[in-house]
Each structure stands twice: as C-alpha cells, then as structure tokens.
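Encoded as structure tokens, the structure appears first; notes follow it.
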Amino acid sequence: MFLLLVHIRPGELERKSLRDKLQSVDLIGFFLFAGSIVMLLLALQWGGVQYAWSSSVVIGLFIGFGLSLILFLARTLFWLSDPENALIPVRLFTVNRNPALICAAAFFVQGPFQAVIYYLPIWFQGVLGS
C-alpha cells in the first residue's frame, strides 16, 4: 500500500555504475578529515592525564590536527577538479546557509547541555555528598 502512495524516481546516483560511484568517493579528503579529528581527540584525551599539556606529544597532536584540517579545507576548496565530489560539498554552505546555521545552533545548544549533563553528577557527588 505504501509503495502505491509514494513513487520515488531513481536519481542520477542510482543510474551510475559501481565503478563510477567508487571513483566519486573522496578518499583522500576522508583520510585527511578523519586523521585530523583523531589527532584532536587524542590530544584532548591524553592532555593532562597521560602526558602534560606542554609535552611534545600533545602539542604535536594539536599541530597535526591544525595542519591536516587546513590541508583538508584547502583540498576541498581549491584543489578538487570537481567540488561536487568533495567529502563535504562547498555548496552546502554557500548556496544555502541553512546547514551552517543548523551546525552553529547545535553547537551553541548542545554544548552547554552536555556540560550540564557532565558536571551536574560531579556537583551532586562532590558538593552535596549524595
């Protein structure tokens, strides 16, 4: 019954062969972005716990994060021959600003909410002793 009510026409991506689909995947962009995020998370996880914040490991991870993120952005904005095949297409943030505004709103709403979720149990245990 549902299929009779909704008719979805195949798009351009469904008409492509598997080889064309795999060639349109931005693997270099993925590895640059994933590597930068992994370096940031490792630096934040290890800083002050396993290594001092001023140690060469943590500083090197922060520098590696910044450099690989800059390389990812430069590759996405300037070096790709077809920007539509980028990992994050630039048109998402230039033609229609809604995704950028949604990301900013999520950051400013969910950030304080996560801080409350994290610090409220510590406050109850440490200050109130419950």
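The values are calculated or read from the model by the stated rules, or taken from the named source; none is laboratory data. Predicted model only: the values in this text are computed from it and were never measured. Here Cβ is always computed from backbone atoms with ideal geometry, including for glycine, and neighbour counts include all displayed protein chains. These area figures cover heavy atoms from the full protein model, side chains too; ligands, DNA and RNA do not enter into them. Shrake-Rupley method; radii C 1.70, N 1.55, O 1.52, S 1.80 Å.
Points to keep in mind about this one:
- Any chance ILE117 is of a type outside the set (D, E, K, R) and either at pLDDT 85 or above or in contact with an Asp or Glu (Cβ under 8 Å, 6 or more places away or on another chain) (or both): yes
- Long-range neighbours under 8 Å by Cβ, at least six apart or interchain, first residue surrounded by fewer than 10 Cβ atoms within 10 Å (Cβ to Cβ) within region 118-130, second at pLDDT 85 or above and not in a loop (DSSP other than H, G, I, E, B): SER130/PHE124
- Near pairs, Cβ below 6 angstrom, 6+ apart or cross-chain, from region 77-98 (under 16 Å from SER24 (Cβ atoms) and without any contact (Cβ under 8 Å) to a residue 12 or more places away in the chain) to any residue that is open to solvent by 80 Å² or more (accessible area, probe 1.4 Å) and not aromatic (Phe, Trp, Tyr): none
- Qualifying residue in region 60-76 (condition: closer than 22 Å to THR94 by Cα and either touching a residue at least 60 places away in the same chain (Cβ under 8 Å) or polar (S, T, N, Q) (or both)): yes
- For region 99-115, the set of residues classified as more than 17 Å from the chain's Cα centre (by Cα) and either within 30 Å of SER24 (Cα to Cα) or open to solvent by less than 80 Å² (accessible area, probe 1.4 Å) (or both) consists of PRO112, ALA115, listed by residue number.
A quick yes/no check of all residues on (1) of a type in the set (A, V, I, L, M, F, W, C); (2) more than 30 Å from LYS21 (Cα to Cα):
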position: LEU41; (1), (2): yes, yes
position: SER56; (1), (2): no, yes
position: LEU69; (1), (2): yes, no
position: THR94; (1), (2): no, no
position: ALA106; (1), (2): yes, yes
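- Beta carbons closer than 7 Å, at least 6 apart along the sequence or on distinct chains, pair a first residue in region 34-51 that is open to solvent by 40 Å² or more (accessible area, probe 1.4 Å) with a second that is in a helix (DSSP H, G or I) and hydrophobic (A, V, I, L, M, F, W, C) for MET39/LEU61; MET39/PHE65; LEU40/PHE65; LEU42/LEU61; TRP46/VAL57; TRP46/VAL58; TYR51/VAL57; TYR51/VAL58.
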